[in-house]
Each structure stands twice: as C-alpha cells, then as structure tokens.
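Before any comments, here is the structure.
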Amino acid sequence: MSSENLELFETEYKAGKHAFERGQYSKSLQHLETALENINPNSRLGGETQIWLVTAYQAAGKVQEATALCKKLTRHSYLQTRQQAKRILAILEAPVLRTRPEWVTKIPDLGAISESDAKDRRGSGLVSQVKSPPPKPKTAQLEVVDPSKVNTKDNQFVWVALLLIVLTLSGLVWFS
C-alpha cells in the first residue's frame, strides 16, 4: 500500500467518523466508502472502517445494506471485527418492538444544517434580545453564635478514640 493511499485513507476515515458523530450520515457514508477503497478490506483497519460503515448505513436508514455488510464481516479475517460484527448483526436482526408515539423521541438529521450558518450556532434571536439585569454582588455575612448555647460538655470521644487506636496497634503487634 502506498503512502498516498494511506494518507487518503486516514483523511477520509477521520472525516467519515467526524461526519457520523455530527449526525451527517450520508456524508459519513461517502467518506467511509472512499476510505475503504484506499485500504485492504481484510486488514484490521479495513474491518474497522466497515464496522463504521455498518453503523452509518443503519443510521442513514439503509438497514438492508447494513445487515448485508455485517453478515459479510462475520467472516472477516480479523477476530475482533468478526466478534463485533456478530454483536451488531444480533442487534440489526432483533425483532422490532412496538412502541407508542409518546415513548419515542425523534432525533433530527443534522446533515441539513450548514456549519457556516451563524444563525444556527447562536440560537434564536429572541433570546439574545432579552437583557437581564446584572447580577447583584453577594456579600459574605458572618453568623454570630451565642457562646452560652455551645455545648462544651466533655463527651469522652477523644478517650474512646485513643483507646481504639491503642487496641488496634497492640493487636497488630500481637499478631505480627
């Protein structure tokens, strides 16, 4: 494998993972597929890239492609890739449970949001227009305690603690 292919692989692989983590699944698929073209699919890195492809396919809603690739990866030459593919395949082939709409939270596809759109980054313009008053500085106030209300009676704690320490040390000396 040439160094150019390896550099292209690393660049595309990192871009694919980054796009996936940002919720841009179709972009992630493009980068990961390009990365896979520049590496041996039977290598450790090739298997890792294909595992990422499986998760990107599944996240993009292409469950059949994810399942097919995952079945193929169960026969991969690298042991960890085979094990991971078997675990993911069990999840992909698991029966779909019925859920009520109120139980489900829909996560939007973040691929449509442009990174350069300043409005999306700062949030709603209405919130920034509302100005709150500056916070008042907090002053530290000391609480005055009446000495007549303080319990000054000896409760023998120090003597009990010393006795326990002496007993513990003598026991350690005795058994050693």
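The values are calculated or read from the model by the stated rules, or taken from the named source; none is laboratory data. Every value quoted in this text rests on a predicted model; they were computed, and no experiment measured them. No Cβ is skipped: glycine too gets one built from the backbone with ideal geometry, and neighbour counts run over all protein chains shown. These area figures cover heavy atoms from the full protein model, side chains too; ligands, DNA and RNA do not enter into them. Shrake-Rupley method; radii C 1.70, N 1.55, O 1.52, S 1.80 Å.
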* Structure fact -> The residue from Leu142, Leu97 that alone is modelled with pLDDT of 75 or more, in a loop (DSSP other than H, G, I, E, B) and within 34 Å of the chain's Cα centre (by Cα) is Leu97
* Tell me which residues, restricted to segment 63-81, are closer than 13 Å to Gly46 by Cβ and in a helix (DSSP H, G or I). => Leu69, Lys72, Leu73, Gln80, Thr81
* Go through segment 1-28 residue by residue and tally those that are hydroxyl-bearing (Ser, Thr, Tyr), at pLDDT 90 or above and open to solvent by 50 Å² or more (accessible area, probe 1.4 Å). => 3
* Of the residues Leu110, Leu164, Leu89, Leu169, which single one is hydrophobic (A, V, I, L, M, F, W, C) and at pLDDT below 90? -> Leu110
* Limited to segment 3-17, what total is found for residues that are over 20 Å from Lys27 (Cβ atoms) and hydrophobic (A, V, I, L, M, F, W, C)? -> 1
* Structure fact -> Picked from segment 37-52 (must be of a type in the set (A, V, I, L, M, F, W, C) and open to solvent by less than 40 Å² (accessible area, probe 1.4 Å)), the residue farthest from Ala85 (Cα to Cα) is Ile39
